[in-house]
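A short write-up of the structure that comes next.
The values are calculated or read from the model by the stated rules, or taken from the named source; none is laboratory data. Please read these numbers as outputs of a predicted model, since none were measured by experiment. Cβ placement follows ideal geometry from the backbone for every residue including glycine, while neighbour counts extend to all protein chains displayed. Ligands, DNA and RNA are excluded from the accessible area calculation, which covers all protein heavy atoms including side chains. Shrake-Rupley method; radii C 1.70, N 1.55, O 1.52, S 1.80 Å.
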Amino acid sequence: MSDLTVTPLPVPEPPAEGFTRREALILGLFALAGAATTSGCSSDQKAMDEFVQKHFKDLSPEELKTVLARMEKNLTKKYGKPVTVSATPAMEGVLFGYALDLSRCIGCRRCVYGCVDENNQSRDPQTHYITVLEMDKEKGVDLQDANAYYDHETVPAEGKFYMPVSCQQCENSPCSKVCPVGATWKEPDGIVVIDYNWCIGCRSCIAACPYGARRFNWGEPNIPADELNPVTEYLGNRPRPRGVVEKCTWCLHRVRKGLYPKCVEVCPVGARKFGNLLDPDSEIRYIIENKRVFILKEELNTQPKFFYYYGL
Amino acid sequence: MTGAKPAVGTVAASAKPAAALFPVAPPPFSDGVFPCSECHKPGDKVDRVPHKVEFHEDIVLHHDEKNRWCLDCHDAAHRDSLHLADGRLIPFTESYRLCGQCHGPTLRNWKAGEHGKRTGSWSGAKQYLLCPSCHSPHSPHFKPLKPKSPPLRQEAIK
Ligand code: SF4
């Protein structure tokens, strides 16, 4: 035993002055990229452009333009029709809020599929942002025994009520706190967004979200070209790559242009309400001030901006 | 509610401001029934005693049918209009004023955007659905719907 020699672990060379690890890595890959381009391989070049892209918030207006143009070009080619990718900023003086009337929802799931179409979720493998939970009227909100897989001939089923759950757009969002790379954050209008190009797919946010609102692209997302919604946003409904997390953004690509989210417009019973919490004349403020509203898992202090209420 | 909005139950002196205040989707007439004056002519004899009508058999009255019938809302002398309880005529595009005579709190919530459905812009121009767009005035209770398919179970996702 005594003749065992202990060799000290090799100490890595400190990175050259002025370079972070990431930059050093990128520089190394740049060299590779150079080799790839000289060998004429454009898909490697595309991958490289994506790899060296900065965090969304660090992009200069010029760089952002280049990035958006690159994405539009790639998506237009992939889907064979013109696709736009914008980066519409949050409006001044707007904090979005949502309300859902549990006494009206009939559990028809029109919202689920309206959302899939509008937000370019993968059809196969299947991704849904909205989960409609069926619960017993007798028991009230009882998440433990809720059933998302009900399949009746018609709804509402006798003695049941329905509670659609999706991202609650928390003011105090646990998901954005745990992300090790800062790929998800809350925007000034209160929408929690994800930079799909910065997400490393570690799924910490999925574990942190108390509402089960986040989805991971385990496989290559698949959207039929003729069903693709070609009006997209960088932080919203642009097609996502494999290996990243996504979730509801309250249709950021619509609401930042003043439109209602898609789910509000497809709900056949008008159970879904949306508006600006900072506008005292808005529908959402009327509901909060005049109806019995509650938020889901209030005790966690996540401060959702999604309010459930009983209108009847 | 601000002073600019009409209070519940009051009827604007002229129909115009109310119409401008609530931009509504077109009334959901069944095919070919409107204008009613196509068939109902001004000189027609009208029996005002509630009775079963021979035509319009598709209409099943299931809306306080013991106490009301056609001419409580439809106007016998002005077939293309509705009338309020006090006899004032209103166009079909303002039917909410008629419904609101009995369903006051619902009308209040509808005006505020809580009841019913709006489409368009949360910040600007929007379209309201009229009461009959969702509730058949003759049988207003919601009909059950077939739900869309449930999500795949986790074990079914490859
Ligand atoms: S579309 Fe409306 S009624 Fe149907 S499940 Fe969604 S919220 Fe409920």
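Quick look at the values:
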read-out	value
Spin-label pair B:Val60/A:Cys202, simplified geometry with 7 Å Cα→Cβ offset, distance in nm	6.1
Fluctuation leader among B:Leu61, B:Leu129, B:Leu82 - chain B, Gaussian network, Cα springs under 10 angstrom	B:Leu61
Normalised contact order of chain B, rounded percent, pairs of Cα under 8 Å and 6 or more residues apart	26
Nearby aspartates and glutamates by direct alpha-carbon distance to A:Lys291 (threshold 18 angstrom, same-chain neighbours under 8 apart not counted)	A:Asp101, A:Asp279, A:Asp281, A:Glu283, B:Glu114
Per-residue [θ]222 nm for chain A (sum of -39500 (n - 2.57) over DSSP H runs n ≥ 4, rounded to 500)	-7500 deg cm²/dmol
In region B:71-131, trypsin sites (Lys or Arg not before Pro) in a DSSP loop with at most 15 other beta-carbon atoms within 10 Å	B:Arg88
Of A:Ser282, A:Ser86, A:Ser173, the one that fluctuates the most in a GNM where chain A has Cα springs shorter than 10 Å	A:Ser282
Extension gain from A:Lys81 to A:Arg292, taking 0.36 nm per residue of separation minus the Cα-Cα distance	71.3 nm
Per-q log10 I(q)/I(0), the protein assembly as shown, q = 0.12 Å⁻¹ (Debye; single scatterer per alpha-carbon; no solvent)	-1.12
Overall form of chain B per C-alpha gyration tensor (a/c, 1.5; a/b vs b/c)	oblate
Highest-fluctuation residue, A:Met163, A:Met48, A:Met71 considered, GNM on chain A with Cα pairs under 10 Å	A:Met48
Cα gyration tensor shape of region B:31-100, rounded if a/c is under 1.5, else prolate or oblate by comparing a/b with b/c	rounded
Protection proxy ranking, peptides B:144-156, A:123-135, average beta carbon neighbours within 10 Å, highest first	A:123-135, B:144-156
Neighbourhood net charge (9 Å Cβ-Cβ; Lys/Arg +1, Asp/Glu -1) for A:Val94	-2
Label-to-label distance, nm, for residues given as B:Ser81 and A:Leu278 (7 Å Cα→Cβ offset)	4.7
Which of A:Val52, A:Val67 is most accessible, then next, and so on - probe 1.4 Å	A:Val52, A:Val67
Cα-based reach from A:Lys257 at 22 Å (exclusive), listing lysines while leaving out same-chain residues under 8 positions away	A:Lys57, A:Lys65, A:Lys186, A:Lys247, A:Lys273, A:Lys305, B:Lys117, B:Lys126
Set of region A:234-251 residues, backbone N closer than 16 Å to the point 7 Å along the Cα-Cβ line of A:Glu220	A:239-244
